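Enquirer: Before I ask anything, let me first share the structure, which is written out below as structure tokens.
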Amino acid sequence: LMVWSAKQSYICSLLGLCSRLWPLSATPDPDSGYTADPDLAAGLTALAMGEEITSRQLEEEALAGLCAARVLQCVHAKTLTPADDLDAVSPWVTQIGISENDIASALRQLYLALGWNEKDGLPLNSTLDSVLLSQASDLLAAVEAEEEA
């Protein structure tokens, strides 16, 4: 559900919908009691584009966008360990009672579910290839070469 929510937030941001509230109105879980249509984003996108698109296609596009954004973050920050260097926990989170261990565990689960390396938070080459971003591997290799120089 965490990955679904991350993808839906990304999709809704692209559609100009409120990415913080929109995912709360839909869910892929039919037993949740929500009455919203989880395929509504696909319907709105199809309407705007003038061609049919499925929720699955939107999720694939969202994964590609999340991977591209992650690679660009890493290139800009010149890091191959974004989990350590970019995914810092804001102090307010622990102040409301969420432990850093719980957050670290959730992030590892998210990385795995997105097809990223569990330890460092980088998209795996196989994931980049699957979303047609194989050239992004070259950008990460350039960061690695720069680190070694």
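Enquirer: For the range 64-149, what is the largest minus smallest coordinate of the Cα atoms on each principal axis, given in angstrom and ordered from greatest to least?
Expert: Sorted largest first, the three principal extents are 41, 30, 18 Å.
Enquirer: Taking only protein heavy atoms and a 1.4 Å probe, what accessible area per residue, in Å², does the range 28-149 have with all protein chains in place?
Expert: 64 Å²
Enquirer: A further question follows. Report, to the nearest whole %, how much of the accessible area of the range 84-149 belongs to carbon and sulfur atoms, 1.4 Å probe, protein only.
Expert: Carbon and sulfur: 51 percent of the exposed surface of the range 84-149.
Enquirer: Net charge within 13 Å of ARG70 by Cβ-Cβ distance, Lys/Arg positive one each and Asp/Glu negative one each, not counting ARG70 itself?
Expert: That sum, taken over residues with Cβ under 13 Å, equals -3.
The values are calculated or read from the model by the stated rules, or taken from the named source; none is laboratory data. Just so we're clear, the structure is a prediction, and the values are computed from it rather than from any experiment. Cβ coordinates were reconstructed from backbone atoms using ideal geometry, including for glycine residues, and neighbour counts include every protein chain displayed. Ligands, DNA and RNA are stripped out before the accessible areas are found, and what is left, the full protein with its side chains, is counted by its heavy atoms. Shrake-Rupley method; radii C 1.70, N 1.55, O 1.52, S 1.80 Å.
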